[in-house]
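What follows is a set of notes on a single structure, which appears directly below.
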Amino acid sequence: RGKRAFIAGVADDNGYGWAIAKALAAAGAQILVGTWVPALNIFETSLKRGKFDESRRLPDGSLMEIVKVYPLDAVYDSIEDVPEDVKANKRYSGSSNWTVQEVAESVKNDFGSIDILVHSLANGPEVTKPLLETSRKGYLAALSASSYSFISLLKHFLPIINSGGATISLTYIASERIIPGYGGGMSSAKAALESDTRVLAFEVGRKKQVRVNAISAGPLGSRAAKAIGFIEKMIEYSYANAPLQKELLAEEVGNTAAFLVSPLASAVTGSVVYVDNGLNAMGLAM
Ligand code: NAD
């Protein structure tokens, strides 16, 4: 049978998660997605109404099939962690079993196992604030949603990830170089995510021969990136200064993810791979 992938962080057809889903589907994988609870309704409705049909098209002409959409909120590990006001919130009370532990259980009940786990989500409520102006609460929220969420997903899914399986998360160069404007502790969250990529690669490699890698992606005008406020400037900067002066396509990140989770990359783990038209290698913008 083909491989089965669970991709956390797909809520429209613009982001990296969607592009990764497509690249994996094109390679023959069965696609399950985890969609942030508040975005679930609109995503499922748009899917059903055919709004994404054009962007579902794969190179062979067929349409990507998303076998199941799971509601997910990756800042909650289990139902005991969910505060009362969130439980009572209309957008949340309309669905159930969306904590990380419950989603892993549901996937286990529905499909038994997976081969590929993708983490393509981030959230920093104070991302527009400089680090110096970031509150403790905002900083910890950025780490919870953008870094610990990967640890939690891996921990809860590991029992159902087949030996030889692989995981991918998405990071950004603001973890290691100064990118003014990428605030709210998001730069710190990406630094944690990259460090965790190495430590977790060791732990789950030894435990289960599962691989853990991250893609450090260049700028893309996704929904999340637009919330930061200067994504158009970043895209222009990259176009002007990167070794490859071309638009960075989400598809290029999707293709690299498909490579990294495939047997072609069977000796690659604990790596952060740049997919950014080479911008990271520049020392002086030209
Ligand atoms: P996106 O908006 O497509 O993806 C972010 C997703 O995270 C959204 O679907 C959102 O609903 C989901 N999400 C937020 N909080 C969540 C939670 N608590 N539980 C579950 N889901 C939650 O945007 P994107 O830019 O494609 O982001 C995907 C990944 O790529 C992120 O990790 C991001 O930091 C990374 N990245 C993006 C860029 C860029 O320029 N767009 C560059 C480098 C890295």
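The values are calculated or read from the model by the stated rules, or taken from the named source; none is laboratory data. Since the structure is predicted, the reported quantities are computational estimates derived from the model, not experimental observations. Don't worry about glycine lacking a Cβ; one is built from the backbone with ideal geometry, like all the others, and counts go over all protein chains shown. Accessible surface is based on the protein model in full, side chains and every heavy atom, while ligands, DNA and RNA are left aside. Shrake-Rupley method; radii C 1.70, N 1.55, O 1.52, S 1.80 Å.
Here are some notes:
- Computed from phi, the 3J(HN,Hα) profile of segment 72-80 under the Karplus parametrisation 6.51, -1.76, 1.60 (θ = phi - 60°) reads 8, 10, 7, 8, 10, 7, 8, 4, 5 Hz, with x in place of Gly and Pro.
- Within a straight-line Cα-Cα reach of under 25 Å, K3 can be paired with the following lysines, leaving aside sequence neighbours fewer than 8 residues apart in one chain: K22, K48, K68, K108, K155, K207, K208.
- Modelled FRET efficiency - R0 25 Å, S195 with N41, Cβ distances, 0.05 increments: 0.10
- Using a probe of 1.4 Å, the accessible surface attributed to W36 totals some 120 Å² when neighbouring protein chains are kept in position.
- Amide hydrogen proximity for S271: with H placed 1.01 Å from N in the peptide plane, the residues at 5 or more positions away or on another chain lying under 5 Å are A214.
- Placing +1 on the Cβ of every Lys and Arg and -1 on the Cβ of every Asp and Glu, with no other charges, gives the chain a dipole of roughly 300 debye about its Cα centre.
- When the charge dipole of the chain is built from unit charges on Cβ atoms (+1 for Lys and Arg, -1 for Asp and Glu) and taken about the Cα centre, the candidate among A21, A189, A201 whose Cα reaches farthest toward its positive end is A201.
- When the Cα positions of L40, L248, L154 are compared along the charge dipole of the chain, L154 comes out farthest toward the positive end, with charges on each C-beta of Lys, Arg, Asp and Glu.
- DSSP-defined beta bridges in segment 4-280 - what % are antiparallel, rounded to 5: 5 percent
- Proximal aspartates and glutamates to K233, defined as alpha-carbon separation beneath 17 angstrom and excluding residues fewer than eight positions away on the same chain: E247, D276
- Under 5 Å between amide hydrogens, built in the peptide plane, is the criterion, and for I114 it picks out I161, N162 among residues at least 5 positions away or on other chains.
- Taken per residue, the accessible surface of segment 151-192 reaches 34 Å², heavy atoms only and a 1.4 Å probe.
- Prolate/oblate/rounded call for segment 1-142, Cα gyration tensor, a/c under 1.5 rounded: prolate
- Span-like helix ranges in the chain, DSSP H, alpha carbon extent 18 angstrom or more, Kyte mean at least -0.5: 186-208
- Highest mean packing comes first when the peptides 112-121, 157-166 are listed by Cβ atoms within 10 Å, giving 112-121, 157-166.
- Considering only L244, L132, L154, the mean-square fluctuation computed in a Gaussian network model of the chain, springs between alpha carbons under 10 angstrom, is largest for L132.
- Alpha-carbon centroids, segment 18-48 and segment 123-152: separation in whole Å: 25 Å
- Working note: Debye formula, equal point scatterers on the alpha-carbon atoms of segment 169-286, no solvent; log10 I(q)/I(0) at q = 0.18 Å⁻¹ is -0.98.
- Positive-end extreme of charge dipole, segment 78-174 - chosen from L140, T128, P83 (charges on Cβ): T128
- Ordering of 88-96, 40-48 by packing [mean C-beta count within 10 Å, highest first]: 40-48, 88-96
- Over all directions, the projected convex hull of the C-alpha atoms in the chain averages 15.1 nm² in area.
- For segment 81-173, the Kirkwood estimate of hydrodynamic radius, built from reciprocal distances between every pair of different alpha carbons, is 15.2 Å.
- Per residue, the accessible area of segment 212-286 comes to 53 Å², computed with a 1.4 Å probe over protein heavy atoms only.
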